[in-house]
Amino acid sequence: MAEVEPITGRYIHLRIDNSDYRVYFEESGQGIPVICGHTAGSDSRQWRHVLCDEYLQKNFRLIAFDLPGHGKSFPKDGWWMEEYRLRRDFYVKVILALAKGLKLTRPVFMGCSMGGNICPHLAILYPGFFRALIAVEASDYSGQVEGAKKGEDYSYDWFYHPHVHGGDASATSIYSLMAPQSPEKFKRETWWCYSQSAPGIFRGDLLFWGEEHDVRESASSIDTAKTLFYVFNGEYDWSTPPEHGKRLVSRIKGAKHVVMKNVGHFPMSENPEEFKKYLHPVMDEILAKSKQ
Amino acid sequence: MPLERVKLKERYKPSFPSAEWFQAYGDELSRDPEWKVIGKFFTCTYLIDVSGNRFILTFVDGKLVNVKSNPLIGPLYSKDAWEFAVRAPLDTWKKFMQRIPPAKYHHFFAVTDAKTPQGMIVEGNMKTVWQNIRALTHAMEFLRTFHNIHERRPS
């Protein structure tokens with residue numbers, strides 16, 4: 001008999017900055033809502049193992065969405081007349097609109113990479129809106145901010161160049177961020193999702209991740225009494241190694257740092273069983289604190 | 001790729017780095033199932049530098065057709081031109097080729113990142129690098145695959 005997974009996908013229309021966005025999201029489980037944010041240049045498929053986690057489904061409503069221009073969410077009308085660039089403000093608006101559109105009560109937001117980097121911004125701009133933020137593979141800043149100011153020739157343009165295969169380039173580059181111990185099948189699946197990213201999307205997302213994101217001065221204002229804050233980093237993640245996450249944690253009083261052994265930049269998709277070992281205790285803690 | 005699927009020649013066991021080692025590596029690469037799919041358009045000449053020991057590898061349509069070691073450099077020797085070079089100390093190459101490499105040395109992109117201590121440096125025509133990124137990366141990763149099967153065999 002054919003197996004059907006417990007994930008259901010739907011579309012919601014969100015009104016942001018005078019434009020209508022048809023946003024795809026999929027979900028499983030019931031209980032405390034958890035919005036899962038994908039990485040730069042990828043989509044909600046990265047969270048499929050988390051959404052199929054029977055342990056989490058018991059107490060959490062797990063929701064993975066596609067940012068406009070990613071996966072099954074189309075970009076806004078007129079996208080072809082603009083160079084795509086993800087801006088912090090827009091990113092925050094999408095997440096808040098989704099949470100409010102689905103009428104979620106004090107959700108958890110768990111994001112990876114750029115999804116992790118948006119977490120401190122969510123806490124700073126909307127203190128207390130989220131009961132917890134789980135910033136996976138996040139840092140306080142990437143370093144490219146200062147490099148760009150110094151005129152260093154660091155460019156993401158090769159990911160969107162007419163003479164270069166963008167899908168191959170994006171996917172091959174991110175494959176390197178995964179640990180040698182992670183199952184080959186799941187690493188290739190992560191590669192596959194990246195290879196399908198639309199032209200210019202990965203580059204545009206990286207402009208937020210690498211250049212705009214910088215909370216060195218503002219992270220200290222985060223009140224973990226209102227919003228629990230966790231930072232996860234995989235040891236094989238060379239773009240956001242544990243020492244970068246530790247910097248972010250050190251700026252937020254009460255934040256907790258989780259360092260994952262034998263895992264890279266995509267723990268939820270490259271090695272779901274290993275990721276669960278670190279995620280479950282944190283989710284248990286969130287659940288316990290929610291009952292207090 | 002699964003190590004047990006690669007078969008080696010019995011005749012000799014050249015050491016890394018040497019022209020003979022790279023030639024044996026090229027032979028094995030041509031038998032790799034994934035290379036047969038993604039490497040068939042790889043036509044490129046690049047230089048590998050191991051602590052100053054230089055090897056020019058010439059690929060044509062995915063086949064390593066020539067390996068030249070420590071060629072003379074200069075305008076009069078321009079026949080041995082290459083498009084880009086990958087340079088690193090021997091110790092870095094060894095870490096990179098470990099069966100389970102340490103973090104930051106575990107993949108071509110990781111070890112060539114500016115933050116990696118004593119990392120590999122890629123210099124030259126970056127457009128050629130990016131145009132061939134999937135095949136090139138696989139060829140570099142196969143150095144590890146070949147090294148680990150090769151080193152396990154008795155001399």
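The values are calculated or read from the model by the stated rules, or taken from the named source; none is laboratory data. Keep in mind it's a predicted model, so treat the numbers as computed, not measured. Here the Cβ positions follow ideal geometry from the backbone for every residue, glycine too, while neighbour counts run over all protein chains shown. Please note that ligands, DNA and RNA were not included when accessible areas were found on the heavy atoms of the full protein model with its side chains. Shrake-Rupley method; radii C 1.70, N 1.55, O 1.52, S 1.80 Å.
Considering every alpha-carbon pair of segment A:1-125, the percent of pairs per 10 Å bin, from zero through the bin containing the longest distance, is 12, 46, 32, 8, 1.
Can you give me the orientation-averaged projected area of the convex hull built on the Cα atoms of segment A:84-173, in nm²?
Details: hull surface 30.0 nm².
One quarter of the hull surface, i.e. the mean projection, equals 7.5 nm².
Binning the C-alpha pair distances of segment B:58-135 at 10 Å intervals from 0 yields a P(r) profile of 15, 39, 37, 8, 0 %, listed from the shortest bin outward. Classify segment B:20-90 as rounded, prolate or oblate, taking a ≥ b ≥ c as the square roots of the eigenvalues of its Cα gyration tensor: rounded when a/c is under 1.5, otherwise prolate if a/b is larger than b/c and oblate if not. The shape class here is prolate.
Highest mobility in the GNM of chain B, judged by mean-square fluctuation with C-alpha springs under 10 Å and restricted to B:Tyr77, B:Tyr105, B:Tyr25, is found for B:Tyr77. Placing +1 on the Cβ of every Lys and Arg and -1 on the Cβ of every Asp and Glu, with nothing else charged, gives chain B a dipole about its Cα centre of roughly 280 debye. Summing both sides, the accessible surface hidden between B and A at a 1.4 Å probe radius is close to 1900 Å². The slack between A:Trp79 and A:Asp284, meaning 0.36 nm per residue of separation minus the straight C-alpha distance, is 69.6 nm. When Rg and the Kirkwood Rh are both derived from Cα coordinates, the Rg/Rh ratio for segment A:163-236 amounts to 1.09. Using Cα-only point scatterers and the Debye equation, what is log10 of I(q)/I(0) for segment A:3-72 at each q in 0.13, 0.15, 0.27, 0.28 Å⁻¹, rounded to two decimals? For segment A:3-72 at q = 0.13, 0.15, 0.27, 0.28 Å⁻¹, log10 I(q)/I(0) is -0.37, -0.49, -1.19, -1.23.
Tell me the carbon and sulfur percent of the accessible area for segment A:152-292, rounded to whole percent, probe radius 1.4 Å. Within segment A:152-292, the accessible surface is 52 percent carbon and sulfur. Be a star and scan segment B:73-106 for residues whose amide nitrogen sits under 18 Å from the point 7 Å along the Cα-to-Cβ vector of B:Ser51. B:86-98, by backbone N distance to the label point. Averaging the sequence gap over all C-alpha pairs within less than 8 Å and six or more residues apart, then dividing by the number of residues, gives segment B:3-144 a relative contact order of 20 percent. Just the protein heavy atoms count here, and of the accessible area of segment A:24-142 at 1.4 Å, carbon and sulfur take up 50 percent.
Restricting the trypsin sites (Lys or Arg not before Pro) of segment A:232-292 to loop positions (DSSP other than H, G, I, E, B) with no more than 14 neighbouring Cβ atoms within 10 Å leaves A:Lys253, A:Lys261, A:Lys291.
All C-alpha pair distances within chain A, sorted into 10 Å bins from zero, spread as 6, 30, 39, 21, 3, 0, 0 percent across the bins. Solvent-accessible surface, computed for protein heavy atoms with a probe of 1.4 Å, shrinks by 20 Å² or more for the following residues of segment B:75-121 when the other protein chains are added to the isolated chain: B:Ile100, B:Pro101, B:Ala103, B:Lys104, B:His106, B:His107, B:Phe109, B:Ala110, B:Asp113, B:Lys115. Evaluated at q = 0.10, 0.12, 0.20 Å⁻¹, the base-10 log of the normalised Debye intensity for chain B, with identical point scatterers placed on the Cα atoms, takes the values -0.33, -0.49, -1.48.
Shape of segment A:222-292 from the C-alpha gyration tensor: oblate (a/c of 1.5 or more and a/b not above b/c, with a ≥ b ≥ c the square roots of its eigenvalues). For the protein assembly as shown, the solvent-accessible area of protein heavy atoms averages 45 Å² per residue (probe radius 1.4 Å; ligands and nucleic acids excluded). Sparsely packed loop sites in segment A:1-107 (the trypsin sites (Lys or Arg not before Pro) outside DSSP H, G, I, E and B with at most 12 other Cβ atoms within 10 Å) comprise A:Lys58, A:Arg87, A:Lys103.
As an exercise, take the mean of 1/r over every pair of distinct alpha carbons in segment A:99-251, invert it, and state the Kirkwood radius in angstroms.
Values: mean 1/r = 0.0599 Å⁻¹.
Value: 16.7 Å, from the Cα pair sum.
When each full DSSP H helix of chain A is screened for a Cα extent of at least 20 Å along its own axis and an average Kyte-Doolittle hydropathy of at least -1.0, the helices passing are A:272-290. Taking all Cα pairs closer than 8 Å and separated by 6 or more residues, the relative contact order of segment B:14-80 comes to 28 percent. The charge dipole of chain A, taken about its Cα centre with unit charges on the Cβ atoms of Lys, Arg (+1), Asp and Glu (-1) only, comes to about 1100 debye.
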